[in-house]
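Just dropping this structure here.
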Amino acid sequence: MSVIPRVTWFSDDDRNKIIDEAKQILEELGVFVENEEARELLDGAGAKIDGNRAYIPTAIVEKALETAPGRVLLYDRHGEIAMDLGGDRIHFNPGSAALRIFDRDSGDARTPVTADVIRYARLTDALPGYAAQSTGVIPGDVPENIADSYRVFLGLLHSTKPVVTGTFRVEAFAVMHSMLSAVAGGEKALRERPNAIFDCCPSPPLSWSDLTCQALIDCARAGLPAELVSMPLTGATSPVTLAGAVTQHCAENLSGITIHQLAHAGSPIIYGGSPACFDMKKGTTPMGAIETMMIDGAYAEVGKALGVPTHAYMALSDSKPVDYQAGMETAMGAIVAAMSGVNNISGPGMLDFESCQSLEKLVLDNEICCMALRLTAGIELRDDPVALPVIAAGIEKKEFLSLPHTKKWFRQEAYMPGDVIERGSLEQWRANGKKTAFDRAGDQVDRLLETHEVELLDAEVKKHITGLMIEESKKAGMDKLPST
Amino acid sequence: MREHLKSCAQAVLDGESEIAEELARLTLEKKMDLLEVIENGFVAGIREVGKLWEEGILFLPELVMGAEAMKAAMELLQPALETEGSDREKVGHVVIGTIEGDIHDIGKTLVATMLSANGFKITDLGADVPAVRFVDEAEKNDADCIAISALLTTTMPGQKKVIEELDKRSMRSRVKVMVGGAPCDEKWAAEIGADGYAGDAVAAVSLARSLTGRG
Ligand code: B12
């Protein structure tokens, strides 16, 4: 067996110190919990409640950690395992909830429409680097207040992969849950073979809004995996030191796990986040900062030590167009995430601090993800002796290309990138019109959208979830949905 | 006096709240010309801070600390100014908040801090604020401007609701409306009939100045 290449961020002592201090923070500083039900759960378990603030004794936190599962499985539309979260296994999915889409023709970001969301879902379905889809772009042609459920609806129609999503309003959970159940084959089936992850964000520092806390509780009860997206922003909403941010992140996640496990012990939960090394010049939240990636990798190590699956917003960029910066930041993030063993990595396709998605970048990033997946497969010895007889044969033939050994292994040893990666000669590049990676990605987007066929959703199920969606949109004042 | 003005500006530039407070106290004790000290001392300092930030020389913590020092001084000088009945051109009053359903408040708070540092009177309603409350507070405080932050696609329409509420109460002509936050842009501002959009806190100050003619 090969060794998975891994980075280590802390000594055991330092990591334990961070975890202990996080627990101490929950006991001494407490968490602000707006949600009444969550306060009641904490109260019932023995936390001290003072107004909206809950002081959580370490014993309760530790009990929650005991019941939280160490492995979380996600299933595709056929009920096959698509993600196996836990250990050092890594999976990619495109970043979620972009406000805009990058328009290839105008070279600028714009508001997406339903057709963009469908193209995005189909493309994600086609690309092998993505284990899951995400409700990645918010269409502007439906009422803003149904944006959260509508994007899940489109995702379920146009891709078979599980969905990484989240609610924007408390009321949205019910209809999203109904649609996901319908696709999974009922509520019980959904519980047994969940097809979606819900992001739930605590507000830094150490506070749970009513909405996100309700989502956490709803997920726990429905058995749908909840993903804690804690986001300390260094020097803005958390200590400016990286270790301080990791500690606050740990305390926020522990509070989330505790509330979640109190709502339903044993329900799946993921230790995650989207922190940033706050940019002190521009006042922005750069996902492409190396320090952001360091915080991510470091907290993943803490999450592993706590025995829960991990997640991070990595492999994305703050650049506006799909350019050098976009590729650089995305690839750095992907590799740091992979080598930190982050189980669920959200981000590919994204630009502009999680604000913009690009189909072309989604295609390019797929190559980064595939390469990162190759990297984490490590180096295997394949033969014993490792090389001596093959080298002997090579010496004899004066080359290796014609050796059966080469034919036997070359496909497994090397990842074969798609056409967007240029590995041809200068002459070929010239002959092909001197295209850039972005040009080639555009060609690939067009080709895949033309040729890739997404298996149709069962007609009955489709009718059912369309009915649910129409009901929602009527409530929001729109009688007819855009053509899907 | 010139030395004193320079010290006041410097205290703000250095983000030294305690020194700024001390200088404000001295101003009162020595019965110096309040308007002169504010305009050519503290305000000059905060303008410089904003300029240096835009030029990329100062960083956010320095910008915010400068604003805090400014606030600390003004808290002492403002009441004196009012009892003196001095007519420093009436300051603009801005009612600011993040719209209902939205808890993103980092950007909003930065904008509020910078506006306040630049002489605006601020009523900060916090986050998750219903449209009606913006208008209630604007009415109560006779405000010149409402500033609404929205970071979510689902909450943006709330900004429009504020404008509709202003219309309903026939207050629209008296109260300017500015909007901001990640999903907003010039186009959105125009679409909902807001008076302006700004992309960051320093731009928000210029916008507020040009909209209200004050600050
Ligand atoms: C930090 C953050 C959070 C924190 C907020 C903490 C806090 N106390 O504010 C937390 C974790 C709580 C959070 C929660 C959620 N978030 Co959030 N969050 C962000 C993030 C990463 C950064 C925002 C930020 O603070 N930036 C730094 C500040 C300084 O910048 P700013 O806010 O833009 O403000 C500047 C300017 O815009 C301007 N400005 C701002 N307001 C105003 C107002 C006026 C009048 C003017 C003139 C100017 C102005 O000046 C400011 C200073 O320069 C953004 C990503 C992004 N691209 O913005 C996502 C983002 C906004 N969040 C998002 C989402 C989805 C959520 C959640 C719904 C997630 C969930 N399912 O739980 C919840 C929201 C719950 C709710 N009901 O509000 C999405 C929105 C997607 C969409 N299509 O609507 C984004 C875009 C990320 C993403 N792609 O998923 N989030």
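For region B:71-215, give the magnitude of the charge dipole about the Cα centre (Cβ charges: +1 Lys/Arg, -1 Asp/Glu; no others), in debye to the nearest 20.
Numbers: 17 positive and 23 negative charges, 45 e Å.
The dipole magnitude comes to about 220 debye.
Moving to a separate point now. What does the C-alpha gyration tensor say about the overall shape of chain A? Classify as rounded when a/c is under 1.5, otherwise prolate if a/b is larger than b/c, or oblate.
Oblate is the answer for chain A, as a/c is 1.5 or above yet b/c matches or exceeds a/b.
Could you tell me how many degrees, from 0 to 90 and to the nearest 10, lie between the Cα long axis of helix A:459-475 and the main elongation axis, the longest principal axis, of the Cα atoms of chain A?
50 degrees
Same structure, new question: Using the per-residue mean of other Cβ atoms lying within 10 Å as a proxy for protection, in what order, highest first, do the peptides A:361-367, A:236-242 fall?
Values: A:361-367: 27.6, A:236-242: 18.3.
Peptide ranking by packing, descending: A:361-367, A:236-242.
Where does chain B land at 222 nm, in deg cm²/dmol rounded to the nearest 500, when only DSSP H runs of n ≥ 4 count, each adding -39500 (n - 2.57), divided by all residues?
One gets -17000 deg cm²/dmol as the mean residue ellipticity at 222 nm.
So what's the net charge close to A:Ala289: Lys and Arg +1, Asp and Glu -1, counting the other residues with Cβ under 10 Å from its Cβ? List each step's numbers first, then the result.
Values: positive: none; negative: A:Asp279, A:Glu291, A:Asp318, A:Glu329.
Taking every Cβ under 10 Å from that of A:Ala289, the sum is -4.
Straight-line reach from A:Lys63: which lysines have a Cα under 26 Å away, not including same-chain ones fewer than 8 places off?
A:Lys17, A:Lys23, A:Lys48, A:Lys304
With a 10 Å radius around each residue's Cβ, average the other Cβ atoms per peptide and rank A:396-402, B:9-15, highest first.
Sorting A:396-402, B:9-15 by mean packing, highest first, produces B:9-15, A:396-402.
Looking at A:Pro286, A:Ser358, A:Ala47, which one has the Cα that reaches farthest to the positive end of the dipole of chain A (charges on Cβ: Lys, Arg +1; Asp, Glu -1)?
Going by the charge dipole, the pick is A:Ser358.
While we're on this one: For region B:113-215, go through all pairs of different Cα atoms, get the mean of 1/r, take its inverse, and jot down that Kirkwood value in Å.
With all distinct Cα pairs of region B:113-215 included, I get 13.6 Å.
Let me ask something else about it. Give, as a single signed number, the net charge of other residues whose beta carbon lies under 13 Å from the beta carbon of A:Ala220, with Lys and Arg counted +1 and Asp and Glu -1.
-1
Can you list the lysines whose alpha carbon sits under 17 Å from that of A:Lys463, skipping same-chain ones fewer than 8 residues off?
Candidates past the 8-residue exclusion: A:Lys474, A:Lys480.
To the nearest 20 debye, what is the magnitude of the charge dipole of the protein assembly as shown about its Cα centre, counting +1 on the Cβ of each Lys and Arg and -1 on the Cβ of each Asp and Glu?
Numbers: 70 positive and 105 negative charges, 299 e Å.
Around 1440 debye, computed over the protein assembly as shown.
Moving on. Which net charge results for the neighbourhood of A:Val117, defined as the other residues with beta-carbon distances under 13 angstrom from its beta-carbon, given Lys and Arg at +1 and Asp and Glu at -1?
Once positives and negatives cancel, what remains is 0.
Right, another one. Let me make sure I get this right: for region A:85-172, a, b and c are the square roots of the gyration tensor eigenvalues over alpha carbons, sorted descending. Under 1.5 in a/c it's rounded, otherwise prolate if a/b > b/c, else oblate. Which is it?
oblate
What does the C-alpha gyration tensor say about the overall shape of region B:2-86? Classify as rounded when a/c is under 1.5, otherwise prolate if a/b is larger than b/c, or oblate.
Because a/c hits 1.5 or more and a/b exceeds b/c, region B:2-86 counts as prolate.
Also, I was wondering about something else. Given the DSSP H assignment, sum -39500 (n - 2.57) over each helix run of at least 4 residues in chain A and divide by its residue total; what's the result at 222 nm in deg cm²/dmol, nearest 500? Before the final figure, lay out each step's value.
Working: 17 runs with 226 residues, N = 484.
Only helices count here, giving -15000 deg cm²/dmol.
Of the peptides A:175-182, A:20-27, how do they stack up when ordered by the mean number of other Cβ atoms within 10 Å, highest first?
Sorting A:175-182, A:20-27 by mean packing, highest first, produces A:175-182, A:20-27.
Take the alpha carbon atoms of region B:168-215, find their center, do the same for region A:165-182, and report the distance between the two centers in whole angstrom.
So the separation of the two Cα centres works out to 34 Å.
Beyond a 24 Å Cα-Cα separation, which of these cross-linked pairs lie in this structure: A:Lys407/A:Lys435; A:Lys281/B:Lys187; B:Lys31/B:Lys71; B:Lys6/B:Lys31; A:Lys188/A:Lys462; B:Lys30/B:Lys140?
Pairs exceeding 24 Å: A:Lys407/A:Lys435; A:Lys281/B:Lys187; B:Lys30/B:Lys140.
Still on this structure, please answer the following. Once the Cα atoms of helix A:58-67 and of chain A are each reduced to a long axis, what angle between those two axes, in degrees from 0 to 90 to the nearest 10, is obtained?
50 degrees
Here is a further query. Tell me the label-point distance for the pair A:Arg191, B:Asp142, using the 7 Å Cα-to-Cβ offset, in nm and rounded to one decimal.
Taking the simple label geometry, A:Arg191 and B:Asp142 are separated by 6.2 nm.
From other protein chains only, count the Cβ atoms within 10 Å of every residue's Cβ in B:103-114, then give the mean.
Average per residue, whole number: 2.
If you put +1 on each Lys and Arg Cβ and -1 on each Asp and Glu Cβ, how big is the dipole of region A:67-377 around its Cα centre, in Debye rounded to 20?
Its charge dipole is roughly 480 debye.
Read-outs: derived from the displayed coordinates by stated rules, not from any lab. Note that the structure is predicted; figures quoted are calculated from it, not measured. For neighbour counting, all protein chains shown are included, and Cβ atoms are generated from backbone atoms with ideal geometry for every residue, glycine included.
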